[in-house]
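Student: Quick one: structure below, then a few questions.
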Amino acid sequence: MSQKNLRDEIQNVNDLVSFPIATTEVLSAIDDENISIEKIARMIELDVILTTKLLRAINSSFYGLRSRVSTVQNAVSLLGVAEVGRLMITFLLANKISQLKLTNREAFNRFWKHSVTTATIARTIATKNYFRTAGREFVGGLLHDFGKLVLMELRPKEFETIESLVKDKNYIDTVAEEEVLGINHCEVGGLIAERWKLPVNLVEIIRYHHTPKYAQIDQTLVSIVRLADLYSQVWGYGIEGNQETTVIESDESWQILVSEHTSLRTISNVDFSEALKKHFDENMEFLRTLSAHV
């Protein structure tokens, strides 16, 4: 199948490529500085299951709140509209894509676990090192590999071949995709993100997370997501099911962040990795909550 035909098919896929209406509404809402706490709370409380998942996540150790949160309005008051909105997007997306009739459900489960792991690690990198990302790294981490989900759906046989090349012959995933399909998941995801009319910084994360130096709007944001992506793979949460052996300190994402953030120059990548892994291990309950939909 030619690259052109696959591009045409991507443009014509309706069920997979359509973005959940509720999710679009939340993305708009969290960018609206004038939205009230009551309005966002009402949007969430219409869905009992969503409310339950949301409160479970908020009460996990990840947020370190001193008292238990029992209502959505209280949660929004404590964490803010944007943060609660990002969690809501996570659960809405999980519900949407878990309904797809994917032939390789095991690969999908790995995809979603990798997505939420990357989002969580990206959040930790950003917050612990005081990067000014306005929380965009979380949704970016969640969506960065969405192009792979499309390849799973449209080309299940070819995706299995790609997985074999990555796992058995140590191919880089984008190289394997280009060899088998003539296009990689970054470009596929970028095309879909544009069709969804996502914010440009999210489109950039999806399209350039393997090559953050080509990002034009925010190389730092893209690099944070890429670094989180690499750690997720190194720690055994890659989509292809193998444990990545990348030397992270030589990756361009680490180099970009070190050049932009002087405090990272004073610590070794080993110390940085150990501190990040410790925080990651302490928040497995949060990750299990985000993964529970699949």
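The values are calculated or read from the model by the stated rules, or taken from the named source; none is laboratory data. Only a predicted model underlies this, so the values are computations on that prediction, with no experimental measurement involved. Please note: Cβ atoms are built from the backbone with ideal geometry, for glycine as well, and neighbour counts cover all protein chains shown. The protein model used for the area step is the full one, side chains on, heavy atoms only, and it has no ligands, DNA or RNA in it. Shrake-Rupley method; radii C 1.70, N 1.55, O 1.52, S 1.80 Å.
Student: What are the residues in the stretch 170-190 that are in a loop (DSSP other than H, G, I, E, B), under 20 Å from the mean Cα position of the chain (by Cα) and of a type in the set (A, V, I, L, M, F, W, C), if any? First the steps, then the outcome.
Tutor: As a first pass, look at the stretch 170-190 and keep what is in a loop (DSSP other than H, G, I, E, B): 170-172, 182-184.
From the residues that got through so far, the ones that are under 20 Å from the mean Cα position of the chain (by Cα) too are 172, 184.
Within the stretch 170-190, Ile172 is the sole residue that qualifies.
Student: Checking Glu274 against (1) exposed (fewer than 14 other Cβ atoms within 10 Å of the Cβ); (2) assigned to a loop (DSSP other than H, G, I, E, B); (3) not polar (S, T, N, Q), which single condition isn't satisfied?
Tutor: (2)
Student: Quick test of your reading of the structure: Ala193 fulfils all but one of (1) in contact with a Leu (Cβ under 9 Å, 6 or more places away or on another chain); (2) part of a helix (DSSP H, G or I); (3) at pLDDT 90 or above. Name the failing condition by number.
Tutor: (3)
Student: Any residue at all in the stretch 222-245 that is part of a helix (DSSP H, G or I), open to solvent by 40 Å² or more (accessible area, probe 1.4 Å) and closer than 20 Å to Lys128 by Cα?
Tutor: So in the stretch 222-245, the residues part of a helix (DSSP H, G or I) come out as 222-234.
Filter once more, so that each one left must be open to solvent by 40 Å² or more (accessible area, probe 1.4 Å): none.
There is no residue in the stretch 222-245 that is part of a helix (DSSP H, G or I), open to solvent by 40 Å² or more (accessible area, probe 1.4 Å) and closer than 20 Å to Lys128 by Cα.
Student: Say we look at the stretch 167-179 and pick out the residues that are surrounded by fewer than 21 Cβ atoms within 10 Å (Cβ to Cβ) and in contact (Cβ under 8 Å) with a residue 24 or more places away in the chain; which of these is farthest from Asn5 (Cα to Cα)?
Tutor: Once the filter is applied, the top-ranked residue is Lys167.
Student: Against the definition (over 16 Å from the mean Cα position of the chain (by Cα), of a type in the set (Gly, Ala, Ser) and part of a helix (DSSP H, G or I)), how does Ser164 come out, yes or no?
Tutor: yes
Student: A further question on this structure: Could you list, ordered by first residue, the pairs with Cβ atoms under 7 Å in which the first is in the stretch 207-225 and touching a residue at least 60 places away in the same chain (Cβ under 8 Å) and the second is acidic (Asp, Glu) and surrounded by fewer than 24 Cβ atoms within 10 Å (Cβ to Cβ), at least 6 apart or interchain?
Tutor: If the second residue must be acidic (Asp, Glu) and surrounded by fewer than 24 Cβ atoms within 10 Å (Cβ to Cβ), the pairs left are Thr220/Glu260.
Student: Right, another one. Of Ile58, Ile44, which residue is more than 25 Å from Glu204 (Cα to Cα), surrounded by 20 or more Cβ atoms within 10 Å (Cβ to Cβ) and modelled with pLDDT under 85? Break it down into steps so the answer makes sense when it comes.
Tutor: Working: Ile58 fails: modelled with pLDDT under 85.
Unique residue meeting the criteria: Ile44.
Student: Being of a type outside the set (Gly, Ala, Ser), touching a residue at least 40 places away in the same chain (Cβ under 8 Å) and part of a helix (DSSP H, G or I) is the filter here, so list the residues in the stretch 140-157 that pass it.
Tutor: Within the stretch 140-157, Leu142, Leu143, Phe146, Lys148, Leu149, Val150, Met152, Glu153, Leu154, Pro156 qualify.
Student: In the list Asn74, Asn129, Asn95, which residue meets the criterion of being open to solvent by 30 Å² or more (accessible area, probe 1.4 Å), of a type outside the set (Asp, Glu) and modelled with pLDDT of 85 or more?
Tutor: After ruling out the rest, the residue left standing is Asn74.
Student: Residues Glu106, Glu137: which one is outside any loop (DSSP other than H, G, I, E, B) and open to solvent by 10 Å² or more (accessible area, probe 1.4 Å)?
Tutor: The unique qualifying residue is Glu106.
Student: Now for a separate question. Just a yes or no: is a residue in the stretch 13-22 at pLDDT 75 or above and of a type in the set (A, V, I, L, M)?
Tutor: Looking only at the stretch 13-22, we keep the residues that are at pLDDT 75 or above, and these are none.
There is no residue in the stretch 13-22 that is at pLDDT 75 or above and of a type in the set (A, V, I, L, M).
Student: Moving to a separate point now. For the list (1) assigned to a helix (DSSP H, G or I); (2) under 24 Å from Arg136 (Cβ atoms), I need the number of the one condition that Ser60 fails.
Tutor: Single failed check for Ser60: (1).
Student: Related question: Identify all residues within the stretch 125-154 that are among the small types (Gly, Ala, Ser) and under 30 Å from Glu274 (Cβ atoms); write none if there are none.
Tutor: Ala126, Ala134, Gly135, Gly140, Gly141
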